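Here is the structure we will look at.
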Ligand code: SF4
C-alpha cells in the first residue's frame, strides 16, 4: 500500500440516534440479568451486534421468540405498531429505542392517513425502517423507490402526501419527489424533508472530498441504507474507485495516492481508526469538516427513570442522601467508548 494522504470526512460514523440506541442497550445489559433480547439488529453493524451478543444479548426477528417476562429492546429503525404491542404483551421490561426522527415520520403517516390522505412513501423494500413505517397505515401507503415506480402507481383518490425513509440519499429523494409532484401537483410534503440531519451531513462531507480522491473508502454494512447511499454518492460525485468495507481487513493492498474515508451512521470510530492505521498515509490524515454536529437524543423515558431508580437505590444502599445521587452521565460518554468498554 502506498497511500500519500487520507482525506477524512466529518461528520462521519455514529449519529445521535445510533448513539442513543447503543447506550440504551448497554444500560439494559447493565440493569438486567442476561439474556436481554433485542428485536432486530440494534443498528446495522456487525461489530456492534457482536459486542452485544458477547454480553448475552439475543437478537430476534420475531417477538414470539422472546420468553415471557424477559427484558426486550426495540431497535433504532422503528417497529410496526403490532410489534410494539406484542413486545409489551410479553410482560417483560420493554424499551423502544426508535430514533425520534423515525417517530416523527410514523406520526406524519398516522396523522395524514387519519385525514384520508393517500401516502406515497419513498423507501427501500424490506428495510426495517420502511417496514415499520408502512405498518402504521398499511391501507393508505404506497411504497416507491424510483421515478419509474412513481409513474407506475395507479391514480390515487383524494388528497395525497409524500413521505420518506430518513436515510435516503438526497439525489434519490429529489428525483422521486420531482416525479411525484409532477403527477400530483397539490401533494402535501413536510416543511422539511424527512431526510435526517445525520444523513445530510455525512453526504455533504463526502461530496466535498470524493472528487479529490483516487479512491474512497466507505465503512459500514451492506444492509445499512445510509452506508449504501454514501457509496453510491461517492461514485456519482466523480470518484473512480469506491470501496465499501466492513472492517480494515477488507481493504485491498493496491491503494495509493489520495484516499478518502467516511463511515455510515452505524459504524464506530474504532473501525475508522483501524482503517486509518491500515492505510498509514505518508503525509498524514486531513479531516475535512463541513459542520459541527451536536444533536443529542436522550435515552427513552422509561429507561431514564429506571436508571435513575437504580442509581438512587445503589446510593441509598451505600448510605448516601438522595440529593447526592449522581445523574446518569449519559451525555458525557460516547457510544464508541461504551462499546470499547463492553469489549474490554
Ligand atoms: S440516521 Fe438519522 S434517522 Fe437514522 S438513527 Fe441516525 S439520526 Fe436517526
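The values are calculated or read from the model by the stated rules, or taken from the named source; none is laboratory data. Owing to the predicted nature of the structure, the values given are computational and were not obtained by experimental measurement. Backbone-built Cβ (ideal geometry, glycine too); neighbour counts: all protein chains shown.
Some observations on this one:
- Condition met for residue 233 (within 16 Å of the ligand (Cβ to nearest atom) and modelled with pLDDT under 95): yes
- When residues of region 1-31 are limited to those that are within 14 Å of the ligand (Cβ to nearest atom) and part of a loop (DSSP other than H, G, I, E, B), the one surrounded by the most Cβ atoms within 10 Å (Cβ to Cβ): 15
- On the stretch given as region 202-224, residues that are assigned to a helix (DSSP H, G or I), more than 22 Å from the chain's Cα centre (by Cα) and either buried (at least 23 other Cβ atoms within 10 Å of the Cβ) or within 16 Å of the ligand (Cβ to nearest atom) (or both) total 2.
- When region 108-133 is limited to residues that are surrounded by fewer than 19 Cβ atoms within 10 Å (Cβ to Cβ) and more than 23 Å from the chain's Cα centre (by Cα), the one that is farthest from the ligand (Cβ to nearest atom) turns out to be 116.
- Region 174-196 - residue that is in a helix (DSSP H, G or I) and out of contact with any strand residue (DSSP E or B) (no Cβ under 6 Å at 6 or more places or on another chain) and, of those, farthest from residue 259 (Cα to Cα): 183
- Hits in region 293-311 (condition: within 16 Å of the ligand (Cβ to nearest atom) and in contact with a strand residue (DSSP E or B) (Cβ under 9 Å, 6 or more places away or on another chain)): 293, 299, 300
- Failed condition for residue 166, given (1) surrounded by fewer than 18 Cβ atoms within 10 Å (Cβ to Cβ); (2) within 30 Å of residue 276 (Cβ to Cβ): (1)
- Criterion (within 11 Å of the ligand (Cβ to nearest atom), part of a helix (DSSP H, G or I), closer than 21 Å to residue 6 by Cα and within 12 Å of the chain's Cα centre (by Cα)) met by exactly one of 199, 227: 227
- Residue under evaluation residue 76, criteria (1) free of Cβ contacts under 8 Å to residues at least 60 places away in the same chain; (2) touching a strand residue (DSSP E or B) at 6+ places or on another chain (Cβ under 8 Å); (3) surrounded by 21 or more Cβ atoms within 10 Å (Cβ to Cβ); (4) under 23 Å from residue 143 (Cβ atoms), criterion not met: (2)
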